[in-house]
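Report on the structure given below.
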Amino acid sequence: MKRVVIIGSPGAGKSTAALRLAAITRLPVIHLDQHFWSPGWVETEKSRWYEKVQALVTTPQWIMDGNYGSTLDQRLSVADTLIWLDYSSLTCLRRILMRTIKYWGKTRPDIGEGCPERFDWAFLKFALNYRRDKRRRDQQKVKAFSGKTWQFTSPKALEEFLSALASESGITPNDISDNPL
């Protein structure tokens with residue numbers, strides 16, 4: 001496990017999972033949101049985004065969290081491991097709402113500077129419709145991936161996986177924080 005891609009619906013906990021996995025593996029984390037968003041929630045231009053992702057994937061080791069379907073093939077082409085947080089829409093919506101309250105008006109650690117947390121109806125709609133609109137695309141890309149794949153359908157299943165991995169690595173539960181972003 002040297003290059004890990006973590007995907008899932010908005011609110012699934014990709015960034016939190018990345019940080020917890022990094023505590024176990026000691027691999028560096030790349031939060032794609034930090035590279036995509038500029039201050040004021042300005043998106044990176046599409047061609048520039050491909051260049052940025054290409055530069056990121058060429059580093060020798062990483063855990064990379066974020067969906068960004070347009071660059072998923074680019075990331076999977078060099079990854080050796082894929083973790084798919086395939087949770088229900090309601091689970092993800094609940095987590096988005098908790099995260100919004102926790103970070104209201106502040107910039108989350110996994111987002112680009114100058115992007116304070118806010119309530120965004122369009123984002124909530126995207127998250128609620130993610131399984132219907134984007135899951136099939138993800139399924140196809142996961143099937144084509146030749147590396148090791150773990151698909152989790154509940155936070156409990158992910159927790160069991162991370163706990164087992166930590167135990168195998170001699171890491172105590174206190175060493176891997178359970179505090180979601």
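Yes or no, residue by residue, for (1) buried (at least 16 other Cβ atoms within 10 Å of the Cβ); (2) in a strand (DSSP E or B); (3) touching a strand residue (DSSP E or B) at 6+ places or on another chain (Cβ under 8 Å):
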residue	(1), (2), (3)
Leu56	yes, no, yes
Met64	yes, yes, yes
Asp73	no, no, no
Leu124	yes, no, no
Arg137	no, no, no
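In the stretch 25-46, the qualifying residues are those that are open to solvent by less than 60 Å² (accessible area, probe 1.4 Å) and free of Cβ contacts under 8 Å to residues at least 60 places away in the same chain, and the one that is farthest from Cys115 (Cα to Cα) is Leu27.
For the stretch 142-170, the tally of residues that are in a helix (DSSP H, G or I), surrounded by 12 or more Cβ atoms within 10 Å (Cβ to Cβ) and of a type outside the set (D, E, K, R) stands at 10. Of note, Val78 satisfies the criterion of being part of a loop (DSSP other than H, G, I, E, B) and either in contact (Cβ under 8 Å) with a residue 40 or more places away in the chain or hydrophobic (A, V, I, L, M, F, W, C) (or both).
What about Cys115, is it assigned to a helix (DSSP H, G or I) and surrounded by 15 or more Cβ atoms within 10 Å (Cβ to Cβ)? No. Given the criterion open to solvent by less than 20 Å² (accessible area, probe 1.4 Å) and part of a loop (DSSP other than H, G, I, E, B), identify the matching residue among Ala12, Ala22, Ala18. Step by step, each of Ala12, Ala22, Ala18 is checked, and only Ala12 is open to solvent by less than 20 Å² (accessible area, probe 1.4 Å) and part of a loop (DSSP other than H, G, I, E, B). Considering Asp110, Asp133, Asp120, the condition of being at pLDDT 90 or above and touching a His at 6+ places or on another chain (Cβ under 6 Å) is satisfied by Asp110 alone. Go through the residues of the stretch 42-52 one by one and say whether even a single one is part of a helix (DSSP H, G or I) and among the aromatic types (Phe, Trp, Tyr). Yes, the stretch 42-52 contains at least one residue that is part of a helix (DSSP H, G or I) and among the aromatic types (Phe, Trp, Tyr). Among the residues of this structure, Val4 counts as one that is crowded, with 18+ Cβ neighbours inside 10 Å and either of a type outside the set (D, E, K, R) or under 14 Å from Ile111 (Cβ atoms) (or both). When each of Glu113, Glu117 is tested for being touching a residue at least 60 places away in the same chain (Cβ under 8 Å), acidic (Asp, Glu) and touching a strand residue (DSSP E or B) at 6+ places or on another chain (Cβ under 9 Å), the lone residue that passes is Glu113.
Of everything in the stretch 87-110 that's assigned to a loop (DSSP other than H, G, I, E, B) and open to solvent by less than 10 Å² (accessible area, probe 1.4 Å), which residue is nearest to Gly11 (Cα to Cα)? Once the filter is applied, the top-ranked residue is Tyr87.
The values are calculated or read from the model by the stated rules, or taken from the named source; none is laboratory data. Fair warning: this is a prediction, and the values are worked out from it, not measured in the lab. Note: ideal-geometry Cβ built from the backbone for every residue, glycine included; neighbour counts use all protein chains shown. Each accessible area value is taken on the protein alone, full model and side chains, heavy atoms only, with ligands, DNA and RNA left out. Shrake-Rupley method; radii C 1.70, N 1.55, O 1.52, S 1.80 Å.
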